[in-house]
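The next block holds one structure in the form of structure tokens; read it before the comments.
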Amino acid sequence: MGLLQLRTGDKIILIIVIVSLVCGISLRILFANGSSKIVLIMVDGKLFEEIPLSVNTGHNEDILVESKEGYLSVEISNGKVRVTDSTCKDKLCIKEGEISKVGDTIICLPNRISISIIGENSNIDTVSY
Amino acid sequence: MTESVIFVERTLTSRNKKVLLVLTLIIVVFLLWFFYRSNASTTSQIYSMNTIIDIEVSGMNRQEIVSQITEEINNLNGLFDDFNPKSDISLINNKAGIISVKVSPDTIDILEKSKEMYTKTYGKFNVMVGPLMELWGFKTGDYRVPSKEQIDEVLKLTDINDLIIDKTNLTVFLKKKGERLDLGGIAKGYTLDKVYAILKENNAKKAVINMGGNVLVYSENSKETFNVGIKHPRADGIIAVLKVKSGTFIATSGDYERYFEENGKRYCHIIDPLTGYPADFLTSATAVTNEGYLGDVLSTAFFILGEEKSLVFAKDLAVGSVTVDGNLNIHYSTDLSGVITIENRG
């Protein structure tokens with residue numbers, strides 16, 4: 001009689017563990033979907049800042065990014081990112097225009113600054129350019 | 001007697017079952033942790049070879065691998081970078097028309113491959129373009145459109161036969177004063193070959209290396225596929241995706257990387273060594289190969305050749321090619337049919 005009760009208890013514990021595992025994983029998958037894009041700013045190869053890129057707000061953000069070589073200004077607005085000003089000579093980073101898709105990158109080589117858009121749901125490993 | 005035997009049997013079985021369950025859980029947790037750890041990846045970003053390099057390596061030995069790759073990149077950069085006055089290339093350039101210079105075996109190797117590729121590309125790839133790059137201002141950023149006379153004059157300094165390589169004594173000599181080597185079209189691809197060797201030597205689990213747009217993908221599983229995008233030459237995002245396997249090199253040349261505009265015309269940094277003018281048939285050209293230096297060189301050659309000639313050329317060399325023209329028309333070699341997906345621009 002005592003043995004049977006333990007077995008049932010074991011079963012209950014097992015069910016609780018499995019259910020919570022399933023719930024945990026499902027929640028993770030559910031919340032990972034949606035526009036989870038992030039603007040990744042690297043300076044001299046090191047992380048400078050990570051900013052979530054939300055698509056719909058009228059939210060404007062201007063960031064001054066400084067490196068040992070110079071600096072540039074990044075504008076983030078309505079889910080798009082662009083460089084508005086830079087101390088570099090050729091201004092290629094400004095000419096690049098705006099980026100908004102996962103995998104897109106703006107690089108200012110003279111200033112050693114890179115601005116890329118990363119996200120969880122991209123199936124692209126890297127981009128050849 | 002029989003009852004107690006049955007009782008003992010039941011007890012043991014019940015306890016064993018619990019022990020078995022706990023053991024199984026422990027093993028499962030351990031396996032999950034081990035799986036997670038061995039698939040964890042490290043990313044590193046460095047500036048070298050006059051470009052930005054993104055290195056991503058997975059597996060238990062990834063730190064060691066990243067370290068070796070970084071060291072090799074910096075080592076080769078020290079030899080090939082013409083902005084570094086102490087590099088082999090700078091020393092050769094500075095002694096042009098004067099005397100031969102003793103260099104490292106890697107420099108001899110890359111220059112021999114460069115000469116070989118000059119012949120293979122019928123002169124469309126030429127490491128003697130240094131003076132032309134300078135003339136158009138691509139070395140300093142002082143962009144200008146030179147006159148035809150100036151171009152013709154400088155073209156005299158781009159003769160590949162003036163590049164004298166002594167393999168035995170490890171020396172290199174440029175015959176005429178003013179001649180200058182520029183390895184911009186081959187250095188990254190050449191370095192990727194070395195990186196590939198490091199990955200193989202170390203039995204890397206998985207790696208994605210992006211050297212200024214030159215890509216190498218690697219996996220210990222030869223059947224694993226990677227999705228490599230080709231940058232859209234005129235808009236953000238990608239224009240196509242290539243589904244490729246380990247050991248594939250993808251190199252792209254585009255007119256959007258380094259350029260200037262004058263009177264409404266775009267002049268990019270990829271200069272046709274035979275005409276002396278920047279090529280303008282295409283906005284982007286991609287080479288898909290299984291050798292790094294070859295892909296790097298061919299992406300330049302394809303870009304200069306234009307779409308039709310590139311496809312013929314690619315077929316001859318049994319490599320993949322993708323070209324995008326000024327109207328964003330995409331053409332690719334038939335061997336890429338099962339591999340390429342053109343992105344729909346909605």
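The values are calculated or read from the model by the stated rules, or taken from the named source; none is laboratory data. Because the structure is a prediction, the values reported are computed rather than measured. No Cβ is skipped: glycine too gets one built from the backbone with ideal geometry, and neighbour counts run over all protein chains shown. Note: areas computed on protein heavy atoms with side chains; ligands, DNA, RNA excluded. Shrake-Rupley method; radii C 1.70, N 1.55, O 1.52, S 1.80 Å.
Observations
- A dipole drawn for the protein assembly as shown from +1 and -1 charges on Cβ atoms has a positive end, and of B:Tyr267, B:Ile89, B:Ser299 the residue lying farthest that way is B:Ser299.
- When +1 charges are put on Lys and Arg Cβ atoms and -1 charges on Asp and Glu Cβ atoms, the dipole computed for the protein assembly as shown relative to its Cα centre reaches about 1340 debye.
- The residues of the range A:108-126 occluded by other protein chains by 50 Å² or more of accessible area, set against the chain on its own, are A:Leu109, A:Arg112, A:Ile124, A:Asp125, A:Thr126; surface from heavy atoms, 1.4 Å probe.
- Taking all protein chains as they are arranged and a probe of 1.4 Å, the heavy atoms of A:Cys93 leave approximately 0 Å² accessible to solvent.
- B:Leu31/B:Lys243 FRET efficiency (R0 35 Å; Cβ-Cβ; nearest 0.05): 0.70
- Sorted largest first, extent of the range B:83-174 alpha carbons per principal axis (Å): 42, 30, 20
- Scoring B:95-104, B:231-240 by mean Cβ neighbours within 10 Å over their residues and listing the highest first yields B:231-240, B:95-104.
- Cut-off under 5 Å, modelled amide H: who pairs with B:Ala240 long-range: B:Ile230, B:Glu343
- Once the 1.4 Å probe is applied to the protein heavy atoms, the range B:221-342 comes out at 39 Å² accessible per residue.
- Residue-averaged beta-carbon neighbours from other chains (10 angstrom radius) around A:96-104: 4
- Distance between the range B:14-34 and the range B:228-298 - C-alpha centres, whole angstrom: 54 Å
- Remark: mean inter-chain Cβ contacts per residue of B:235-248 equal 3, using a 10 Å Cβ-Cβ cutoff to other protein chain atoms.
- Burial order of peptide ranges B:63-74, B:251-262, B:115-126 (average beta-carbon count within 10 Å, highest first): B:251-262, B:115-126, B:63-74
- When cysteine pairs in chain A are screened for C-beta atoms closer than 4.7 angstrom, the residues that find no partner are A:Cys23, A:Cys88.
- Cα point-scatterer Debye curve for the range B:202-271, base-10 log of I(q)/I(0) at q = 0.17, 0.20, 0.21, 0.26 Å⁻¹: -0.71, -0.86, -0.91, -1.16
- Cα-only Debye scattering, chain B: base-10 log of I(q)/I(0) at q = 0.09 Å⁻¹: -0.54
- Cα-Cα separations in the protein assembly as shown greater than 32 Å, expressed as whole percent: 48 percent
- Charge dipole of the range A:37-119 (Cα centre as origin; +1 on each Lys and Arg Cβ, -1 on each Asp and Glu Cβ, all else neutral): 220 debye, rounded to the nearest 20.
- Cα-based convex hull volume of the range B:221-342 per residue, rounded to whole Å³: 107 Å³
- Its relative contact order, with pairs defined as Cα atoms under 8 Å and 6+ residues apart, puts chain B at 14 percent.
- Solvent-accessible area of the range B:76-149 (1.4 angstrom probe, protein heavy atoms only): carbon and sulfur portion equals 54 percent.
- Buried area at the A-B interface (accessible, heavy atoms, 1.4 Å probe, summed, Å²): 3000 Å²
- Spatially close Lys pairs in chain A, defined by Cα atoms under 17 Å apart and a spacing of eight or more places or different chains, total 6.
- Within a Gaussian network of chain B (alpha carbon springs, distance under 10 Å), most fluctuating of B:Tyr143, B:Tyr196, B:Tyr332: B:Tyr143
- Ranked from largest to smallest solvent-accessible area, with a 1.4 Å probe on the protein heavy atoms, B:Lys188, B:Lys194, B:Lys315 come out as B:Lys315, B:Lys194, B:Lys188.
- Alpha-carbon Debye profile of chain A, log10 I(q)/I(0) at 0.18 Å⁻¹: -0.96
- Dividing the summed helix terms, -39500 (n - 2.57) for each DSSP H run of n ≥ 4, by the number of residues in the protein assembly as shown produces a 222 nm estimate of -11500 deg cm²/dmol to the nearest 500.
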